[in-house]
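The values are calculated or read from the model by the stated rules, or taken from the named source; none is laboratory data. Please read these numbers as outputs of a predicted model, since none were measured by experiment. We place every Cβ from the backbone using ideal geometry, glycine too, and count neighbours over all the protein chains shown. In case anyone asks, the SASA skips ligands and DNA or RNA and just uses the protein heavy atoms, side chains included. Shrake-Rupley method; radii C 1.70, N 1.55, O 1.52, S 1.80 Å.
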Amino acid sequence: MNHQQYKLEYEVYADASALKQEDASLLDEARKVTDQAYAPYSAFKVGAVAKLANGALVIGTNQENASFPVGICAERVLLSAAATLHPGVAIESIAISYNNTKGKSNHPVSPCGVCRQSLLEYEIRVKSPIRLILSGLEGNVYVIPQAGSLLPLSFTSEDMK
Ligand code: THU
């Protein structure tokens, strides 16, 4: 029997002003884009902005539905748009923020399990890691160098060979 350990390394910043300029402005955009979410059921508006290797910015917001499971997270709206508008182009960084309109927005939230799976496959697809910059509308910021690291022991197409 062997014990295995999985180590996740990420950076923690006290607030957006401690980030390098490029990351701070991407996070600022993500905070603004929360306004474009359609979240009448959860009142939890998520905004995501990606910086692509070709310099393009692509945004995504959560889009809910009266039939709850039909709703889609901001991250997967963004990935679908990026893959469609800029096929094959790597995503360097994605900033993700949220406006919890009935509560607080002062700590980072990280992508749900389904979105982690989608982010991982995108990294594999374009052979490039995606940095995540996570923060609420205020407060501390996490920078995760590789989105796929949030999904240890993941299932990928390799497992189907
Ligand atoms: N949501 C996202 O868009 N991204 C996340 O990372 C977490 C959750 C959305 C889904 C739903 O519309 C609302 O936030 C509350 O779960």
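When the range 18-35 is examined, which residues are found to be touching a Lys or Arg at 6+ places or on another chain (Cβ under 8 Å) and either open to solvent by 20 Å² or more (accessible area, probe 1.4 Å) or within 16 Å of the ligand (Cβ to nearest atom) (or both)? It would help to see each step written out before you state the result.
Pass one, the range 18-35, residues touching a Lys or Arg at 6+ places or on another chain (Cβ under 8 Å): 22, 26, 34-35.
Within the range 18-35, 22, 34, 35 qualify.
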Original post:
Where in the range 57-161 are there strands (runs of 3 or more DSSP E), lying fully within it, with 2 or more residues that are open to solvent by less than 60 Å² (accessible area, probe 1.4 Å), of a type outside the set (Phe, Trp, Tyr) and within 15 Å of the ligand (Cβ to nearest atom)?
Top reply: 57-61, 91-100, 131-134
Original post:
Going by the conditions given, is residue 15 charged (D, E, K, R) and open to solvent by less than 70 Å² (accessible area, probe 1.4 Å)?
Top reply: yes
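Confirm whether residue 34 is in contact (Cβ under 8 Å) with a residue 12 or more places away in the chain and more than 11 Å from the chain's Cα centre (by Cα). First the steps, then the outcome.
Numbers: in contact (Cβ under 8 Å) with a residue 12 or more places away in the chain: yes; more than 11 Å from the chain's Cα centre (by Cα): yes.
So residue 34 passes the test.
To keep it simple, each residue is scored yes or no on (1) of a type in the set (A, V, I, L, M); (2) modelled with pLDDT under 95; (3) over 9 Å from the mean Cα position of the chain (by Cα).
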| residue | (1), (2), (3) |
| --- | --- |
| 76 | no, no, no |
| 87 | no, no, yes |
| 103 | no, no, yes |
| 107 | no, no, yes |
| 111 | no, no, no |
| 114 | yes, no, yes |
| 118 | no, no, yes |
Original post:
Being of a type in the set (Phe, Trp, Tyr) and within 16 Å of the ligand (Cβ to nearest atom), is that true of even one residue in the range 43-55?
Top reply: yes
